[in-house]
Amino acid sequence: MIAFLFFLVFLLVYMVFAVYAERKLSAFIQDRLGPTEIGPYGMFQTLADLVKLLQKEDIVPVKADKWVFLAAPAVIFTAIFAGFAVMPLTPTLQGSGAVVGVFYLLTIVSIDIVGLLAAGWSSNNKYSLLGAMRSVAQIVSYEIPVGLSVLCVVVLCQTLDLQEICYQQGIYIRTLPVYSESTNYLFGIKRLGIDMTEVGGFLTWNVIRMPLFFIVYIIFFIATLAEANRAPFDIPEAESELVGGFHTEYSGFRWALLFLAEYGMMLLVSFLGAVLFFGGWNTLFPNIGPVRLADWTSGMPGTIYGNITGAFWIILKAFIGVFIQMWVRWTYPRLRVDQLMHLCWKVLTPLSLLLLFISALWKLL
Amino acid sequence: MNIAFYCFAALTVLSALVVLWTRQLLYSAFALLFTLLGMSGLYVLAGADYVAIVQIMIYVGGVLVLLIFGIMLTNRPGTGHAPISGRINQFTGILAAGGLFVLFFIVFLKANLPFPALKSSPHSSVTPIGIGLMTDYLLPFEIAGILLMVALMGAAYIAGRKRL
């Protein structure tokens, strides 16, 4: 319950500042100033925009299918928000400790497709329908590289539970009863015989436990960018061709909800990337001999200090992921539909299959 | 626990009724989403977490999306209206449905099932299913895999560019 309320409030606050950050960042990249008028450095610009949006009339087009049109944004947002249920925030705080964790997450997020189709179809607008169809084709295709790259991690960690995956990547691995006997070796290779269990820090993150995971992360990052319909994979919205994609006809509050879902998806996949590859709530700093940096910067699971540091690290990692997504958006041009499918089916999918095979072999080393 | 069961059961039944009674094919498809979600909720309560997720993944993520796509693509241009289901074979339909209902009703009465089946265990069903697939049910698993791959290759061939 705490996790539920936390994520709901967190998502709203995050969205306000993420939109501001995105505008400032895009302004910086394009050598502009961005919002400057409201508040210091234009900080309250998004709040003002939000107030404006909430005041606007909630327009339903006359020829639109009213009930489906009204319900679609709620379906989209609910699907994305449901994904946060299994996300571990601190060593002890997690909405649901479901064993099927990451599998559930990937599945529940795909309900969003039905919402997109409903939104596009019920608008009774050809641009909306085209946008929805592009969007669905893209999301369905890119689910395969996402699934395979997540599977690489699952093969190495041998669990679907995101909380267990987090525990495996840090100094507190032995506090979990299941892993009380396990040891973390450097690069995950037992034969090297270098025990890293007490060292922790970034040296026990999955990207170091299996160095090729960095390539897997790049695949994961590209594919989740497409799942979130973000540029350079934003052909579903492609302003210059489709006006606004599947949400052309939405206004006011419902448009804000769709926007919230998009930013929520960005945050969700950044959280997931942080948990799967970059140690989740584990600290960055390793223990070096008597300098116990890892112990100092992450408290024992269950203590207040442990909760604070855990939340701090995972949110920091997720925000860095969101930052890179924004950076990519304002740097790269949009892909064409055929390039998009080429990248998915002929580059990312074979590469992730190969990496899955290597990850399975790595476990045997 | 009981409240959750009745909520999911009500969701399943009510949305299934919408699927039956609406004549707009797209409404049926969207209502089917809630039927399938309610079903997977019931699976979770019965302790079958893996089956619940697979239910959503295959039926919502795959079958339902394909269904909606199919209906949208057959949308007649110009009229702007989604296809509406006709009223054909009403008599045989009622007969078949009624017969099936009686059959299932008798079977369930005789099967003496615990109702509602609420015995969720803390242990997940993922590990036993995985071990089962790799040991006792390896052959069916492999055959299903080959069948799916053949289907995939066939689909790619049919959809691919034809050289005339």
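The values are calculated or read from the model by the stated rules, or taken from the named source; none is laboratory data. Bear in mind that the values here come from a model prediction, so they are computed numbers and not experimental data. Neighbour counts are summed over all protein chains in view; Cβ atoms, including those assigned to glycine, are modelled from backbone coordinates with ideal geometry.
Take A:Gly193 and tell me if it is under 30 Å from A:Trp296 (Cα atoms) and surrounded by fewer than 18 Cβ atoms within 10 Å (Cβ to Cβ). Break it down into steps so the answer makes sense when it comes.
Details: under 30 Å from A:Trp296 (Cα atoms): yes; surrounded by fewer than 18 Cβ atoms within 10 Å (Cβ to Cβ): yes.
When the stated conditions are applied, A:Gly193 passes them.
Give me the pairs: first residue in region A:199-218 and touching a residue at least 60 places away in the same chain (Cβ under 8 Å), second residue assigned to a helix (DSSP H, G or I) and among the basic types (Lys, Arg), beta-carbon distance under 9 Å, and six or more apart or on different chains, which are they?
Short answer, once both residue conditions are applied: A:Leu203/A:Arg209.
Taking the residues in region A:283-300 that are in contact with a Leu (Cβ under 8 Å, 6 or more places away or on another chain) and touching a residue at least 24 places away in the same chain (Cβ under 8 Å) as candidates, determine which candidate is nearest to A:Met15 (Cα to Cα).
From region A:283-300, those in contact with a Leu (Cβ under 8 Å, 6 or more places away or on another chain) are A:283, A:285-287, A:297; that's our starting set.
Still in the running and touching a residue at least 24 places away in the same chain (Cβ under 8 Å): A:283, A:285-287.
Values: A:Thr283: 25, A:Phe285: 29, A:Pro286: 32, A:Asn287: 35 Å.
Among residues in region A:283-300 that are in contact with a Leu (Cβ under 8 Å, 6 or more places away or on another chain) and touching a residue at least 24 places away in the same chain (Cβ under 8 Å), the one nearest to A:Met15 (Cα to Cα) is A:Thr283.
Looking only at region A:105-122, count how many residues are facing chain B (nearest Cβ under 7 Å), in a helix (DSSP H, G or I) and among the polar types (S, T, N, Q).
Total meeting the criteria: 1.
Determine which member of the set A:Trp296, A:Trp313, A:Trp281, A:Trp345 is modelled with pLDDT of 85 or more, aromatic (Phe, Trp, Tyr) and surrounded by fewer than 17 Cβ atoms within 10 Å (Cβ to Cβ). First the steps, then the outcome.
On the way: A:Trp296 fails: modelled with pLDDT of 85 or more; A:Trp313 fails: surrounded by fewer than 17 Cβ atoms within 10 Å (Cβ to Cβ); A:Trp281 fails: surrounded by fewer than 17 Cβ atoms within 10 Å (Cβ to Cβ).
Of A:Trp296, A:Trp313, A:Trp281, A:Trp345, the one residue that is modelled with pLDDT of 85 or more, aromatic (Phe, Trp, Tyr) and surrounded by fewer than 17 Cβ atoms within 10 Å (Cβ to Cβ) is A:Trp345.
Quickly run through region A:59-69 and pick out the residues that are assigned to a helix (DSSP H, G or I) and either within 10 Å of chain B (Cβ to nearest Cβ) or under 16 Å from B:Phe34 (Cα atoms) (or both). First the steps, then the outcome.
Going residue by residue through region A:59-69, those that are assigned to a helix (DSSP H, G or I) are A:66-69.
A:Trp67, A:Val68 - these are the residues of region A:59-69 that are assigned to a helix (DSSP H, G or I) and either within 10 Å of chain B (Cβ to nearest Cβ) or under 16 Å from B:Phe34 (Cα atoms) (or both).
List pairs: first residue in region A:38-64 and at positive phi, second residue not β-branched (Val, Ile, Thr) anywhere in the structure, Cβ distance under 6 angstrom, at least six positions apart or on different chains.
Qualifying pairs under 6 Å: A:Gly42/A:Pro35.
Take the conditions touching a residue at least 40 places away in the same chain (Cβ under 8 Å), more than 30 Å from A:Gln339 (Cβ to Cβ), out of contact with any Asp or Glu (no Cβ under 7 Å at 6 or more places or on another chain) and surrounded by 21 or more Cβ atoms within 10 Å (Cβ to Cβ) and apply them to A:Thr224. Does it pass? Spell out how you get there, then give the answer.
Details: touching a residue at least 40 places away in the same chain (Cβ under 8 Å): yes; more than 30 Å from A:Gln339 (Cβ to Cβ): no; out of contact with any Asp or Glu (no Cβ under 7 Å at 6 or more places or on another chain): yes; surrounded by 21 or more Cβ atoms within 10 Å (Cβ to Cβ): yes.
No, not satisfied.
Pick from region B:19-76 the residues that are among the hydroxyl-bearing types (Ser, Thr, Tyr) and within 20 Å of B:Cys7 (Cα to Cα): which of them is nearest to the other protein chains (Cβ to nearest Cβ)? It would help to see each step written out before you state the result.
At the first step, the residues of region B:19-76 found to be among the hydroxyl-bearing types (Ser, Thr, Tyr) are B:22, B:27-28, B:35, B:40, B:43, B:50, B:59, B:74.
From what's left, within 20 Å of B:Cys7 (Cα to Cα): B:35, B:40, B:43.
Values: B:Thr35: 12, B:Ser40: 9, B:Tyr43: 11 Å.
Looking at the filtered set, the residue picked out is B:Ser40.
Checking the condition closer than 20 Å to A:Pro91 by Cβ and among the polar types (S, T, N, Q), which residue from A:Thr297, A:Thr248 passes? Break it down into steps so the answer makes sense when it comes.
Values: A:Thr248 fails: closer than 20 Å to A:Pro91 by Cβ.
Just one listed residue meets the conditions, A:Thr297.
Quick check on A:Ile358: is it surrounded by fewer than 20 Cβ atoms within 10 Å (Cβ to Cβ), closer than 30 Å to A:Phe233 by Cα and either in contact (Cβ under 8 Å) with a residue 40 or more places away in the chain or among the β-branched types (Val, Ile, Thr) (or both)?
Working: surrounded by fewer than 20 Cβ atoms within 10 Å (Cβ to Cβ): yes; closer than 30 Å to A:Phe233 by Cα: yes; either in contact (Cβ under 8 Å) with a residue 40 or more places away in the chain or among the β-branched types (Val, Ile, Thr) (or both): yes.
Yes; evaluated as a whole, the condition is true for this residue.
For every residue, the table says whether it meets (1) under 30 Å from B:Tyr27 (Cα atoms); (2) acidic (Asp, Glu); (3) surrounded by fewer than 22 Cβ atoms within 10 Å (Cβ to Cβ).
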{"residue": "A:Trp121", "(1), (2), (3)": "yes, no, no"}
{"residue": "A:Lys126", "(1), (2), (3)": "yes, no, yes"}
{"residue": "A:Ser141", "(1), (2), (3)": "yes, no, yes"}
{"residue": "A:Glu164", "(1), (2), (3)": "no, yes, yes"}
{"residue": "A:Leu186", "(1), (2), (3)": "no, no, yes"}
{"residue": "A:Val199", "(1), (2), (3)": "no, no, yes"}
